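Student: Have a look at the structure that comes next, please.
The values are calculated or read from the model by the stated rules, or taken from the named source; none is laboratory data. Values in this document were obtained by computation on a predicted structure and should not be read as measured data. FYI the Cβ positions are ideal-geometry reconstructions off the backbone, even for glycines, and counts take in every protein chain you see. Surface accessibility is based on the protein's heavy atoms, side chains included, excluding ligands, DNA and RNA. Shrake-Rupley method; radii C 1.70, N 1.55, O 1.52, S 1.80 Å.
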Amino acid sequence: MLKNNAPFLILILLIIISFSFSCRRKTIEIVITPEALKNHLQRARYFGNVKKVETDTYYYSNRDSNYFLSNKNIQLYSSDGYLTQVILLDKNNDTVSKRILYYLPNANENYWLEYNYRDFNVTKDTFIYDKNGFKSEEYFWLNDSLLYKIQYKTDAIGGIIEMKRLLPEYMLTNKVYYNDYGLMERIEEYDPDNKLFKFITIEYDNYGDEVNRRAYKASNEMIEYTYTQYNNDGLIQKIIFEDRLHHMREDRIYTQHDKTKNWLEEITMQGKDTVRKRVREIRYY
């Protein structure tokens, strides 16, 4: 009787084992947010509810074997992840510039003002939106003079698919293409005669993080390459940038991260020489 039911009993045992493992396995849902729907924190690849980021930039002196502070950049974010202020300080802690961003009730950016305390001028950038709330125009002013404007075309969710920069004497056009997840995968740049002169391709990993970025001439000759490496926990480890036109390579190594997975220290090397260090202090809501 037992022999006759052996295949059936084995099947039941396999089902029980399979169910037992499935109960213990933690499934992680990967959510990839389209570029058009990201806030400023997501576009900058910050994790957590960031309130303030202070970044000190140091340059390395081979002669003195030491780092020297160059400047401090301060970024302030709203509780819903949008940039509200950017302040640049010099090595003496004097304010070089301050940018203040203003928003509409629907969180669309209305305009920003940047005060330059060295050149004693003010720049202003204003944004116009269509009936769907998607960006349609942008005007860039220096004091009272209009320097240029940008006209946008967008897709069904507000992703920019074309931008025309209109300057006094000529126009430059960029076209943007997206993958199935709404992430940019190709950017084309056109000259004033509307001929393609450069394009960029972008590749992502399964989590939607950029891993490869390549820039090409219109003739398909690669001129720049950027590779980004992450560990198994999604922490950024290294960025390798190659400028093939000028035979220059730069390695950025990320040595420290906080508990929220944001990097705290970046060391930049050119060949065997250390040239720069950036240190971040991040505060959260």
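Student: For residues that are among the small types (Gly, Ala, Ser) and more than 30 Å from Tyr117 (Cβ to Cβ), scanning just segment 127-157, find the one that is surrounded by the most Cβ atoms within 10 Å (Cβ to Cβ).
Tutor: Selected residue: Ser136.
Student: Let me ask something additional. Given (1) under 17 Å from the mean Cα position of the chain (by Cα); (2) not basic (Lys, Arg); (3) not in a strand (DSSP E or B), where does His246 come up short, assuming only one miss?
Tutor: Condition (1) is where His246 drops out.
Student: Specify which of the listed residues (Tyr225, Tyr207) is open to solvent by 50 Å² or more (accessible area, probe 1.4 Å), at negative phi and among the aromatic types (Phe, Trp, Tyr).
Tutor: Exactly one residue qualifies, and that residue is Tyr207.
Student: Quick one: how many residues across segment 113-126 are assigned to a strand (DSSP E or B) and either out of contact with any Phe, Trp or Tyr (no Cβ under 9 Å at 6 or more places or on another chain) or open to solvent by 80 Å² or more (accessible area, probe 1.4 Å) (or both)?
Tutor: 3
Student: If I ask for residues that are outside any strand (DSSP E or B), more than 18 Å from the chain's Cα centre (by Cα) and in contact (Cβ under 8 Å) with a residue 12 or more places away in the chain, which ones from segment 144-193 would you list?
Tutor: Hits for segment 144-193 are Asp155, Ile157, Leu167, Pro168, Tyr170, Asp191, Pro192.
Student: Here's something else I'd like to know. Can you tell me how many residues in segment 259-285 are without any contact (Cβ under 8 Å) to a residue 60 or more places away in the chain and either open to solvent by 70 Å² or more (accessible area, probe 1.4 Å) or in contact with a strand residue (DSSP E or B) (Cβ under 6 Å, 6 or more places away or on another chain) (or both)?
Tutor: Residues flagged as without any contact (Cβ under 8 Å) to a residue 60 or more places away in the chain and either open to solvent by 70 Å² or more (accessible area, probe 1.4 Å) or in contact with a strand residue (DSSP E or B) (Cβ under 6 Å, 6 or more places away or on another chain) (or both) within segment 259-285 amount to 10.
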